[in-house]
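Enquirer: One structure follows; several queries about it will come next.
The values are calculated or read from the model by the stated rules, or taken from the named source; none is laboratory data. These numbers were taken from a predicted model, which means no experiment stands behind them. Heads up, the Cβs are rebuilt from the backbone with ideal geometry, glycines too, and the neighbour counts pull from every protein chain shown. These area figures cover heavy atoms from the full protein model, side chains too; ligands, DNA and RNA do not enter into them. Shrake-Rupley method; radii C 1.70, N 1.55, O 1.52, S 1.80 Å.
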Amino acid sequence: MAGNSFGQAFRFTTWGESHGPAIGCVIDGCPPGVPLSEADIQPYLDKRRPGTSRFVTQRQEPDQAKILSGVFEGVTTGTPISILIENTDQRSKDYSEIARAYRPGHADFAYDAKYGVRDYRGGGRASARETAMRVAAGAVARKALTDCLGSQVAIRGAVVQIGPDYIDRTQWHWDEVDRNPFFCPDAATAKRWEGLVDAARKDGSSIGAVLEIVAEGFPAGLGEPIYSKLDSDIAAALMTINAVKGVEIGDGFASAEMRGENAHDAMRADNDGGFSFESNHAGGVLGGISTGQPIVARFAVKPTSSILIPRPSVNADGEAIEIRTKGRHDPCVGIRAAPIGEAMLAVVLLDHLIRQRGLRGPDWPAAKRTAAPRLAISEPKQAKA
């Protein structure tokens with residue numbers, strides 16, 4: 001009931017606050033025998049870590065993960081895995097002025113209404129600091145997915161739009177994502193974004209973003225037909241990320257403008273008994289179940305609520321005030337959301353893989369029919385800005 005856990009067969013619970021001594025997670029349901037160490041988790045945490053460029057918050061946190069349980073002699077034991085990250089660079093004094101004030105766009109009022117008490121230091125539990133533990137849980141899920149399905153599986157994320165400026169999809173290169181501070185697959189667009197984000201930061205404001213997560217190499221058959229559809233669980237997972245206000249699968253909202261003959265993914269029989277898809281408008285999910293096509297999800301992140309521009313608000317006594325948020329904040333919080341989106345998608349896919357093997361047996365997907373789909377992969381269309 002407390003809402004701090006996510007998943008069914010593979011499940012994780014996070015704990016901790018932005019300015020507390022530490023944050024952590026407990027992972028339950030990870031299969032035994034999966035090779036795992038802190039070195040498998042750290043690279044993903046480093047991608048999300050603050051202070052890596054002038055375009056993100058300058059809070060300096062090493063985000064060093066410590067595995068406290070669930071691993072013995074280098075492999076998972078099947079028992080709960082506990083992971084800890086210490087907070088080392090809190091500046092709680094930055095928030096003393098807003099102890100009784102409600103910041104517009106933040107969860108301050110909502111938390112007060114729900115609990116009657118709130119940790120105002122950096123947003124407490126509502127802070128994006130919590131997402132580091134999602135990334136840690138996602139890293140464990142990735143290891144288990146690779147152990148179960150092989151090295152052909154890949155889960156990758158990219159920022160495809162900042163403010164009104166989105167990428168040129170003909171210039172999409174996955175290798176470029178790691179070469180710029182924006183997780184952008186288009187080098188020319190990443191260069192433009194430097195000025196866009198700098199301008200918002202210098203104005204004391206912020207800007208939003210759209211991210212895309214793509215999972216490849218996964219078999220057909222993951223997901224449930226009605227209330228635990230693969231795409232509904234993906235949408236739920238991505239909507240739990242801080243500041244996310246919209247999710248779409250495949251062509252998403254753009255499909256509303258299409259005719260049926262253009263929106264459907266035509267299938268073509270091959271001479272050897274297999275078949276292929278001619279497109280991937282559905283984002284790799286039909287009827288709530290994966291098709292074997294790349295699974296494509298996109299989510300929108302609103303502009304960071306913490307800005308220096310004074311805004312009208314009220315305090316806990318109901319008095320009118322004007323407020324500006326001090327401290328260290330991301331001018332575009334969506335920039336660091338790519339590894340978080342990847343992590344949440346990994347968790348959902350492992351959860352459904354474990355459940356599917358419970359339905360079909362431990363040898364699935366090797367036991368599925370031999371006429372497997374051959375994938376005609378095309379980059380999903382950009383949703384209109």
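Enquirer: Is there any pair with a first residue in the stretch 276-296 that is free of Cβ contacts under 8 Å to residues at least 60 places away in the same chain and farther than 14 Å from Pro219 by Cα and a second that is open to solvent by less than 10 Å² (accessible area, probe 1.4 Å) and assigned to a loop (DSSP other than H, G, I, E, B) whose Cβ atoms are under 7 Å apart and which are 6 or more apart or on different chains, and what are they?
Expert: Partner pairs satisfying both residue conditions: Ala282/Gly250.
Enquirer: A further question follows. Of all residues being part of a loop (DSSP other than H, G, I, E, B) and open to solvent by 40 Å² or more (accessible area, probe 1.4 Å) in the stretch 1-31, which is nearest to Thr77 (Cα to Cα)? Just the residue, please.
Expert: Going through the qualifying residues, I end up with Gln8.
Enquirer: Looking at Glu97, Glu86, Glu130, which one is closer than 21 Å to Pro312 by Cβ and touching a residue at least 60 places away in the same chain (Cβ under 8 Å)?
Expert: Being closer than 21 Å to Pro312 by Cβ and touching a residue at least 60 places away in the same chain (Cβ under 8 Å) holds for just one of Glu97, Glu86, Glu130, which is Glu97.
Enquirer: Can you find, within the stretch 191-234, the residue that is most open to solvent (accessible area, probe 1.4 Å) among those that are assigned to a strand (DSSP E or B) and under 21 Å from Pro164 (Cα atoms)?
Expert: Ranking the candidates gives Val210 first.
Enquirer: Any residue at all in the stretch 95-110 that's under 22 Å from Phe6 (Cβ atoms) and in a helix (DSSP H, G or I)?
Expert: yes
Enquirer: Name the single residue, out of those in the stretch 32-48 being assigned to a loop (DSSP other than H, G, I, E, B) and more than 12 Å from Arg142 (Cα to Cα), that is most open to solvent (accessible area, probe 1.4 Å).
Expert: Selected residue: Pro32.
Enquirer: Mind checking whether some residue in the stretch 286-293 is at negative phi and part of a loop (DSSP other than H, G, I, E, B)?
Expert: yes
Enquirer: In the stretch 213-253, which residues are within 19 Å of Arg134 (Cα to Cα) and among the basic types (Lys, Arg)?
Expert: Result: Lys245, single match.
Enquirer: Confirm whether Ala237 is touching a residue at least 40 places away in the same chain (Cβ under 8 Å), in contact with a strand residue (DSSP E or B) (Cβ under 9 Å, 6 or more places away or on another chain), open to solvent by 10 Å² or more (accessible area, probe 1.4 Å) and closer than 30 Å to Leu350 by Cα.
Expert: Taking the combined requirement at face value, the residue does not satisfy it.
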